[in-house]
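Only the coordinates and a few stated rules stand behind these numbers; no lab work does. Note that the structure is a prediction, hence the values are computed from the model and not measured. Here Cβ is always computed from backbone atoms with ideal geometry, including for glycine, and neighbour counts include all displayed protein chains.
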Amino acid sequence: MKKRLRTLFAIVLPYITRSDVLAASVVALVIVAVTLNTSSVIMQNYTLQREVRVAQQKADIAQAELDTQKLRNSYYTTDEYLEVAARKQLSAGLP
């Protein structure tokens, strides 16, 4: 294995120029930059998704509270509530 690798280097090495090394360096630098940018975008996306999830939960809670209050308000307009409230104020029980 080492002998094959040495033979390969012996054959290829004389043909490698400085411009080849420079081109390979530029390609490696571009790959690193793209990788870092992609990881940054992924982190930002995760953060934004978390904020959206929290906002959605708050909206769901607010909607549930609103629905509860609407039900209470509709109960206060019923005859049953008026009867209970009148008995409570008059301290009267059921007939």
Checklist entry - Within the chain, which DSSP H helices have Cα atoms that stretch 20 Å or more along the helix axis and a mean Kyte-Doolittle hydropathy of at least 0.0? => result 18-76
Item to check | Selected from Leu82, Leu29, Leu71 as most flexible by GNM, with the chain as the system and alpha-carbon contacts under 10 Å | outcome: Leu82
Next on the checklist: When 1/r is averaged over all different Cα pairs and the result inverted, which Kirkwood radius in Å belongs to region 12-88?
Outcome noted: 18.9
Item to check | Overall form of region 1-54 per C-alpha gyration tensor (a/c, 1.5; a/b vs b/c) | outcome: oblate
Item to check | Order of Tyr15, Tyr81, Tyr76 under a 10 Å beta carbon neighbour criterion, fewest first | outcome: Tyr15, Tyr76, Tyr81
Next on the checklist: Residues of region 37-67 with backbone nitrogen within less than 15 Å of a virtual label 7 Å along the Cα-to-Cβ line of Tyr81, please, listed as ranges.
Outcome noted: 66-67
